[in-house]
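A short reminder: the numbers here are calculations on the coordinates, not readings from a lab. This is a predicted model, so every value here is computed, not measured. Here the Cβ positions follow ideal geometry from the backbone for every residue, glycine too, while neighbour counts run over all protein chains shown.
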Amino acid sequence: MAVTSEVVPVDRYNGNGATVAFDYHFKIFAASELVVESILGVPQVLTTHYTLTGIGSPTGGTVTFLTAPPTGTANVVIYLDLPFTQQTQYPEAQKFPTAQVEQDFDRAVLRDQVLLGLHDREIKLPITEVPTTALTTVPSLALRASQYSGWNALGEPIPLAPPVGTSIVSSFMETVLDDVDAPTARTTLGAAPTASPTFTGTVTLPTATVGVTQAVADNDTSIATTGFVQQEITDKTTNSYPRVPVRQTVLSGSVDANGQANWLASGTGLQIDYNAGTTPVVIAHANGFDETGEVDKVTKLVSNLTNQFGTLPANSTSFLYADRSSSSAITGANTRIPPQYGEVYDPTQSALLHFNGTDAATSIIDDYGNTWTASGNAQLDTAQSQFGSASLLLDGTADYVDWVPATPSHVTQQGNGWTVEGWVRFNVLPATSTSTNILNFGQNATNFGLLLGLNADAGTVRKLTLSLSSNGTSTDIAAVVLGTNTTWATATWYHVAAVFDALAGKYFVYLNGAQDISVTSSVQVCQFIRHRIGAAIDLANEEFNGWIDEIRVSPCVRYPNGTAFTPSASAFAVEGHFFSITQMQMWEVTGASVTAGVNPAMTNRATRVFVGDADAGAATITTTRSYAYQGRYVSPDTVIPGVGVRTAFQTNLGFYTETVPLHVRCYTSQENWSPGMVSTCPYNSSSLFPMAIVSCESRSVSSYVTGNVVAMYLLNRTTGAAANLTNASWRMFFTLKRGW
């Protein structure tokens, strides 16, 4: 293809701290030939700092940064850097390699354009002058060192000595050269006084009150301080680098009768208010580290405000977050997608397949970087699509696509529900007494889990069918439950969605936004090991024949409580939040992954903290949960229960925690233990009341269950002899806190 543009192959942009995608408008032959800078003069690294599309395209492509470049003028530069070599060898007596020759010519033209760009930035003689060695050669290094550049009477470059009494100074020194005296210069530089003023009278220390922070003014007169102390005072005053006991959490606020955080409250309709008028609410926002250590911001709310997190979706659980607007204000919002916390992002909690690409392609990557493997004749087809340029074509004979993550996906384990949805277009409808499987998420070799299909067992009457398993070995939740719609046709796109609604305690299947199947059960479906689209995992010869498009798997309830909805008229986008414990920063998922195994693009949300969640009914908020202050929960002392009793606690930590042991507190003296003393007790196989461990049931609930095989015992504090613990003399309690 000809190179018809004379544009120099370089693009420059102004970064704004938010935009991540930048186009380049010239052809490249390999990723190594493109240089990308987001800080002037600092090349970025492919896959580490950015991803790339458009290799080989005559019109260029797109560079997508994993982190948005900072605000600046022309600080994003993308340019071509071709090697000055010719590697192609043309064998004699062979067919003329037209394509290769054209590519080599293209490369030569592009190399000329690179040289043109360099030439345009050179200092040049006017065209009317004849170039000579004297005019174009600078003096030697020894002659021009520490000299000014100049020209003699012939216009030839010569070194010039600096004028007497002058010297070259840095830009730093230039800022103080015009100051009239030393105090003025210190003011310009923001320097502290070099000596203390003279003290008069008796030096006294400011009066301290326990629990009351002293004002900076208590110590700021007649005392000389180092720059370090001055900076600490400034930091504390301006809230630029406050030191907090726990990062990325609500530190303090109002509590209920049990000492639990309760600053969030139900507002009007589907809105959330917050109460900070009586007891201020203090929030710590983490934003990583710098050369001084931890980088944190603190917000202190001191008033009651209404509707601070937007209108929540009805009949759903929403997660509430606060962006810091200033030291005394936040901007709140909500999302249905629960945030992730960890050292690494987990892409298996979601999936999004657009099936766009080249006709007949079999390489399929979803927007979260998960790889789906095509089997049989499964392939992309540009002849049909609901959205975008293509869809998945299956011919009904052992065609399907599979996703098997390294560990079972966590989409069904988030506690508040999940949604699996997509668009289907039948080429052939199931014949009498047969079924067509749309998708099956289940075990590695069996279909127990979620199985959704179209059934024609009742003659030509066809209905959607749903089977569900909680144990991975049987259809214990639902076995071939049929829908109500009987109108089906080929060459028609249908939107189908399967939903587990934890709040309603039901499973739903929707067809084109209308409820078609309902199964009442609060039992959670098992974890998915294999995710198959177009067939059952056990390959029972009931494969899908037609097209499938826009499959989305979400760890939330998109369509709650059987309520009718209108399916989206456009393609879906990625969503989610990830707090990196390693980086101590919150990130929002904002762009699709373009490479297998690479996370989706994320944007840093430096001051965003998730502060609670809430359940909504049809028109009002039913439950609000303010997350535990400082990421810590201590249970009340509880009477030791009998055999097989589950005891649950509303911990409201906002994330899943590891199991922890229970402790016991002495209430009546036993074995030389006095009231108030605490012990972690081991087991004794001779009794019926065991010590249990605390397990995390959800982001906000933890529990323990007593068994009937082993029991607690303790050691006599004087003799060390073991003795069975007397249940009535002790109370159980536990402490949960974040591991970061």
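Per-structure values
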{"quantity": "Karplus 3J(HN,Hα) series, Hz, for the range 714-731 with 6.51 cos²θ - 1.76 cosθ + 1.60 (x for Gly, Pro)", "calculated": "9, 9, 4, 5, 9, 9, x, 6, 7, 8, 5, 6, 7, 4, 5, 8, 9, 10"}
{"quantity": "Difference of contour (0.36 nm per residue) and Cα-Cα distance, residue 32 to residue 445", "calculated": "144.4 nm"}
{"quantity": "Ellipticity estimate at 222 nm from DSSP helix runs (n ≥ 4, -39,500 (n - 2.57)) divided over the chain, nearest 500", "calculated": "-2000 deg cm²/dmol"}
{"quantity": "Gain upon complete extension [residue 568, residue 256; 0.36 nm per residue less C-alpha separation]", "calculated": "108.1 nm"}
{"quantity": "Using θ = phi - 60° and Karplus 6.51 cos²θ - 1.76 cosθ + 1.60, couplings along the range 350-359 (whole Hz; Gly, Pro as x)", "calculated": "8, 8, 8, 10, 8, 6, 8, x, 6, 4"}
{"quantity": "Using a Förster distance of 35 Å, the FRET efficiency for residue 19-residue 102 (Cβ separation, nearest 0.05)", "calculated": "0.50"}
{"quantity": "Distant-in-sequence amide H partners of residue 516 (H built 1.01 Å from N, under 5 Å)", "calculated": "509, 510, 511"}
{"quantity": "Reachable lysines, given that their alpha-carbon falls under 20 Å from the alpha-carbon of residue 506 and they are not under 8 places away in the same chain", "calculated": "463"}
{"quantity": "For q = 0.25, 0.29 Å⁻¹, Debye-computed log10 I/I(0) when each Cα of the range 564-620 counts as one equal scatterer", "calculated": "-1.03, -1.15"}
{"quantity": "Debye intensity ratio in log₁₀ form over the Cα atoms of the range 624-669, taken at each q of 0.13, 0.21, 0.26, 0.33 Å⁻¹", "calculated": "-0.41, -0.93, -1.18, -1.40"}
{"quantity": "Counted charge near residue 572, where neighbours are those whose Cβ lies closer than 12 Å (Asp, Glu -1; Lys, Arg +1)", "calculated": "-4"}
{"quantity": "The chain - percent relative contact order, Cα under 8 Å, separation 6 or more", "calculated": "11"}
{"quantity": "Overall Cα dimensions of the range 351-573, principal axis frame, Å, largest first", "calculated": "43, 42, 35"}
{"quantity": "In nm, spacing of pseudo-spin labels at residue 460 and residue 246 (7 Å Cα→C-beta vector)", "calculated": "6.6"}
{"quantity": "Reach of residue 300 by Cα under 13 Å, taken over aspartates and glutamates that are not fewer than 8 positions away in the same chain", "calculated": "323"}
{"quantity": "Distance in nm between pseudo-label sites at residue 87 and residue 189 (7 Å out along the Cβ direction from Cα)", "calculated": "5.4"}
{"quantity": "Nonlocal amide H pairs with residue 521, under 5 Å, H built at 1.01 Å", "calculated": "506, 507"}
{"quantity": "Alpha-carbon gyration tensor eigenvalues x 5, square-rooted, for the range 10-120, Å", "calculated": "31, 15, 11"}
{"quantity": "Loop-resident sites, the range 711-740, for trypsin sites (Lys or Arg not before Pro), counting at most 13 other Cβ within 10 Å (DSSP)", "calculated": "717"}
{"quantity": "Tail weight of P(r) past 21 Å, computed on alpha-carbon pairs of the range 449-514, percent", "calculated": "28"}
{"quantity": "Global form of the chain, assessed from the alpha-carbon gyration tensor, a/c cut-off 1.5", "calculated": "oblate"}
{"quantity": "Amide hydrogen neighbours beyond the local backbone of residue 252, cut-off 5 Å, H modeled", "calculated": "282"}
{"quantity": "Two-site FRET efficiency, residue 294 against residue 638, from Cβ-Cβ distance with R₀ of 35 Å, rounded to 0.05", "calculated": "0.45"}
{"quantity": "In order through the range 290-307: 3J(HN,Hα) via Karplus (6.51 cos²θ - 1.76 cosθ + 1.60), integer Hz, x for Gly, Pro", "calculated": "9, 5, 9, x, 5, 10, 9, 10, 10, 10, 10, 9, 10, 9, 8, 9, 9, 6"}
{"quantity": "Stretchable slack from residue 151 to residue 480, in nm (0.36 nm times residue separation minus alpha-carbon distance)", "calculated": "109.2 nm"}
{"quantity": "Lys, Arg +1 and Asp, Glu -1 on Cβ, resulting dipole of the chain about Cα centre, debye, nearest 20", "calculated": "2220"}
{"quantity": "Simple label model, 7 Å out from Cα along Cβ direction - residue 62 to residue 115, nm", "calculated": "3.5"}
{"quantity": "Rounded FRET efficiency, nearest 0.05, which uses the C-beta distance separating residue 723 from residue 646 and R0 of 25 Å", "calculated": "0.35"}
